[in-house]
1. When only Cα pairs under 8 Å and 6 or more residues apart are kept, what is the percent relative contact order across region 261-319?
2. Using a 7 Å offset from the Cα along the Cα-to-Cβ direction at both residue 150 and residue 94, what is the distance between the two label points in nm, to one decimal?
3. Taking 2.2 N^0.38 Å as the expected size of a compact globular protein, what ratio does the Cα radius of gyration of region 235-331 give against it, to two decimals?
4. Return the percentage of antiparallel bridges among DSSP beta bridges fully within region 3-164, rounded to the nearest 5 %.
5. Straight-line reach only, C-alpha to C-alpha below 18 angstrom: list the lysines that residue 323 could link to, leaving out same-chain residues fewer than 8 apart.
6. So how much slack lies between residue 282 and residue 26, counting 0.36 nm per residue of separation and subtracting their Cα-Cα distance, in nm?
7. Between residue 308 and residue 323, what is the label-to-label distance in nm when each label sits 7 Å out along the Cα-to-Cβ direction?
8. Using only Cα atoms, find the angle between the long axis of helix 287-305 and the longest principal axis of the chain, and express it within 0 to 90 degrees, rounded to the nearest 10.
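FYI, it's all coordinate maths here, none of it is from the lab. What you see is a predicted model, and the numbers here were worked out from it, not measured in a lab. Heads up, the Cβs are rebuilt from the backbone with ideal geometry, glycines too, and the neighbour counts pull from every protein chain shown.
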Amino acid sequence: MALNEEALMWVEKYRPQNLSEVVGLRDIVESLQSFLKKPGEMPHLLFAGNPGTGKTTMSLCIARQLYGQNWRTFTLELNASDERKIETVRNKIKTFARINYTGYGDVPFALVILDEADQITSAAQMALRRIMETSSQNCRFILICNQSSKIIEPIQSRCAIFRFSKLDKKAVIQHLKSIAVKEKLDITDSAAEIIVDYSEGDLRHAINALQTASVYRKGVIDEKTVLRVIGEAAPKQVQVMVNKALNGDFIEARDMMYELIGSYGFSGPEIIRQILRELLKLSYLSPEEKAELTNLVGEYDFRLTQGANSDIQLSALLAQFSKFQKSKGENN
Ligand SMILES: Nc1ncnc2c1ncn2[C@@H]1O[C@H](COP(=O)(O)OP(=O)(O)O)[C@@H](O)[C@H]1O
Ligand SMILES: [Mg+2]
C-alpha cells in the first residue's frame with residue numbers, strides 16, 4: 001500500500017504503537033509487558049486467534065518497544081503465505097541472524113515475525129523448527145496464526161502461546177467512539193453497537209466500517225447510515241421477521257419486510273442473503289427442516305435473479321415460511 005494511502009486508512013492511523021494502547025486482552029498485554037522488562041528471558045511467542053484482534057499489532061509493538069526507532073533494522077517480517085518455499089524463509093532468516101548477531105542494547109537477539117504460520121505445511125514446519133533451534137542464540141520468533149492446532153506440536157512446545165479471543169464488545173465500542181471523537185464525527189450509541197455486533201470482535205472490520213460510514217455521511221452517523229454501509233438489513237430485524245413468519249405471523253413478518261425495503265432501502269437479494277443466514281442459526285429447526293427451508297429460499301433467490309419483483313417474491317417466501325410451520329404443527 002502506498003504511504004499516503006496507508007495514512008488515509010484509519011486501521012493504520014489508529015494502530016497502537018505501544019502495548020499500553022492496545023484495546024482489551026489485558027492478560028496478554030500484561031504478560032508481554034513483563035517479558036519486555038527482561039528481554040533476555042523472552043521466549044519464542046505464538047499468537048493464535050481470530051483476525052483483527054491485534055496479533056500483528058502487538059508483534060510490531062514488541063519490536064518497537066525492544067528496539068525503539070531502530071526496530072526495522074532488528075526485525076524481520078515474513079508472511080508465510082508469500083514465502084511458498086521454506087527454503088526462502090530459511091535463507092532470509094539465516095542472513096538476517098548473521099547480520100544482527102550482536103543484538104541491540106540489552107536485547108541479545110533479533111526478532112523474526114512470521115505471519116500466517118499456519119499456512120506452512122507440516123513438513124516445512126519441521127524445517128522451521130530446526131531453524132528456530134539453530135538460530136535461537138540470536139533470534140526470537142513470533143509466530144502468528146489463526147489456529148494453533150495447525151502448528152506442529154514441537155513448535156508449540158517451544159513457544160509461549162497466547163490465544164487472542166474476540167475483543168470485548170464494550171471495549172470495542174469505546175474504541176470506535178474515541179476514533180470518532182478524533183475524527184470530529186458524531187456516532188449514535190445504537191450505530192456504534194451495530195458496527196460492533198456486525199464485526200464480531202474483529203476490530204479491523206469495525207474500524208473500516210466506521211470509516212466507510214464517515215464517507216457516506218459527514219456529521220452524525222446513525223443506525224441507518226451504518227446499515228447501508230455494511231450492506232446488511234438490521235440483523236435483529238431480519239431475525240425477528242424470520243421468527244414471526246415461521247410462527248405463522250405472516251402479516252407482521254411482511255410488514256417488517258416492507259420496512260426493510262422501504263425505510264432502509266435494502267434490495268431483495270440483500271434481504272434474502274440475510275434470511276438465509278438467520279435461518280441457519282435457528283436452533284429450534286432440525287437439519288432437515290433447515291435444508292427444506294433453504295431450498296425454498298434458493299428458489300425465491302433464483303426468481304429475483306430472473307428479475308422478478310422483490311416485494312412480491314419476498315412476501316410469497318414469507319407466506320411459505322408461515323405455512324411451513326403450520327403444516328409441521330398439524331402433522332404433529
Ligand atoms: N486489540 C486491539 N487494540 C487496538 N486496535 C486493534 C486491536 N486489534 C486490532 N486493532 C486494529 O485493527 C487493525 C488490524 O489489527 P491486526 O493487529 O493487524 O489484527 P490481526 O493481526 O489479529 O488480524 C489494527 O491496525 C488496529 O487498528
Ligand atoms: Mg495480522
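1. 40
2. 2.7
3. Working: Rg = 12.3 Å, N = 97, 2.2 N^0.38 = 12.5 Å.
Cα Rg divided by the expected 2.2 N^0.38 Å: 0.99.
4. Numbers: 1 of 21 bridges.
Close to 5 percent.
5. Partners found: 244, 290.
6. On the way: separation 256, 0.36 × 256 = 92.16 nm, distance 3.36 nm.
Fully extending the segment from residue 282 to residue 26 adds 88.8 nm.
7. With each label placed 7 Å out from Cα toward Cβ, I get 1.2 nm.
8. Once rounded, one gets 80 degrees.
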